[in-house]
Amino acid sequence: MDQKMEKNKNKTGLVLEGGGMRGIYTAGVLDVFLDEGLTFDGVIGVSAGAVHGCSFLSGQKGRSIRYYKKYCADKRFMSTENLIRTGNFVDTDFCYHELPEILDVYDYDTFNKNKEHTDFYVVCSDVEKGKPVYAKLHDMKRDIGYIQASASLPYVSKFVELDGRKLLDGGCTDSVPVEAFRRLGYKRNVVVLTRDSEYRKKPENAWMADIVYHKYPKFAEALKNRAVEYNMSIRNIEKLERAGEVFVIRPSVPLTIPRICKSAEEIEKTYQIGVMDAKKMMADLRKWLETSEGSEG
């Protein structure tokens with residue numbers, strides 16, 4: 001680990017928060033990054049951030065907004081019918097196999113080329129330990145289970161069992177993994193949030209976590225502490241932002257897209273806010289990146 005950290009010293013990372021349907025904001029930001037030819041030494045995504053980070057690393061501008069708008073009203077994409085029928089709110093075979101392999105084909109070859117200079121991590125939650133797992137992806141098709149796990153929301157998803165661990169949504173244990181990426185050697189990071197600057201998370205229902213996950217008390221505890229940890233993380237990011245150690249892109253207005261959205265118009269609206277915000281901040285971001293590169297030499 002020490003050698004790995006030394007190897008990655010002072011590299012620039014991209015940190016992508018989750019947020020369910022709000023994540024389409026991130027897709028808009030990332031498509032502007034693709035237009036501008038921005039690259040990073042490492043990318044780490046949580047839940048929806050991991051999902052949209054995939055298309056960024058395969059260089060497929062417009063892929064996320066395209067399939068979100070096309071399939072948002074498809075019950076296989078997300079629905080209570082899926083939950084009742086399979087125990088998962090999303091049809092996992094449809095979302096993680098049929099869609100990327102047949103319906104809107106993922107560019108696996110480009111991802112494999114890009115991984116040579118850009119590491120890709122996704123965050124999952126180990127249900128038994130109540131701790132985050134930072135999984136490095138080497139082969140998108142083989143490792144797609146980690147994307148699924150990272151985006152498997154609690155209460156409405158089955159555990160994803162990988163490498164002897166039961167995994168769920170990474171946002172339950174590390175919603176914005178800036179500090180984790182810093183520990184991996186990515187000392188300066190661009191952070192894409194899906195909440196505006198005024199947002200602070202409110203506590204979740206403790207009784208629900210205790211009832212649903214009574215066999216996994218450490219995970220239940222993590223859910224109950226999620227608001228405290230999230231708000232602490234945001235305060236830390238704001239401190240790092242003032243110090244110039246992170247560059248933050250966050251929604252300029254509160255995102256009003258619902259948790260379950262079947263409106264292509266609402267999805268497009270949220271995406272365009274991301275596009276607009278990224279374009280407005282591009283000059284400042286480029287200046288920050290140039291300063292960041294200069295500080296490494």
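The values are calculated or read from the model by the stated rules, or taken from the named source; none is laboratory data. Because the structure is predicted, anything quoted here is derived from the model rather than measured. Here the Cβ is made from the backbone with ideal geometry for all residues, glycine too, and neighbour counts use every protein chain on show. We work out accessible area using only protein heavy atoms, side chains counted, and drop any ligands, DNA or RNA first. Shrake-Rupley method; radii C 1.70, N 1.55, O 1.52, S 1.80 Å.
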For the stretch 247-263, give me each residue that is of a type in the set (V, I, T) and more than 30 Å from D284 (Cβ to Cβ). I260
Does M208 count as buried (at least 18 other Cβ atoms within 10 Å of the Cβ), more than 20 Å from the chain's Cα centre (by Cα) and either not polar (S, T, N, Q) or not in a helix (DSSP H, G or I) (or both)? no
Quickly run through the stretch 231-272 and pick out the residues that are of a type in the set (S, T, N, Q) and more than 18 Å from the chain's Cα centre (by Cα). N236, S252, T256, S263, Q272
Would you say R235 is touching a strand residue (DSSP E or B) at 6+ places or on another chain (Cβ under 6 Å), open to solvent by 20 Å² or more (accessible area, probe 1.4 Å) and closer than 22 Å to V43 by Cα? no
Residues to consider are F247, F219; find the one that is touching a Phe, Trp or Tyr at 6+ places or on another chain (Cβ under 6 Å) and part of a helix (DSSP H, G or I). F219
Do you know which residues across the stretch 202-216 are within 15 Å of E128 (Cα to Cα) and of a type in the set (K, R)? K215
Looking only at the stretch 26-83, count every residue that is of a type in the set (F, W, Y), touching a residue at least 40 places away in the same chain (Cβ under 8 Å) and within 18 Å of P258 (Cα to Cα) and tell me the total. 1
Which helices (runs of 4 or more DSSP H) sit wholly inside the stretch 1-73 and have at least 1 residues that are modelled with pLDDT of 95 or more and open to solvent by 50 Å² or more (accessible area, probe 1.4 Å)? 23-36, 63-71
Looking at S197, S252, S263, which one is touching a Cys at 6+ places or on another chain (Cβ under 9 Å) and either under 25 Å from L38 (Cα atoms) or not acidic (D, E) (or both)? S263
Would you confirm whether or not the stretch 77-95 contains a residue that is among the hydroxyl-bearing types (S, T, Y), assigned to a helix (DSSP H, G or I) and exposed (fewer than 14 other Cβ atoms within 10 Å of the Cβ)? yes
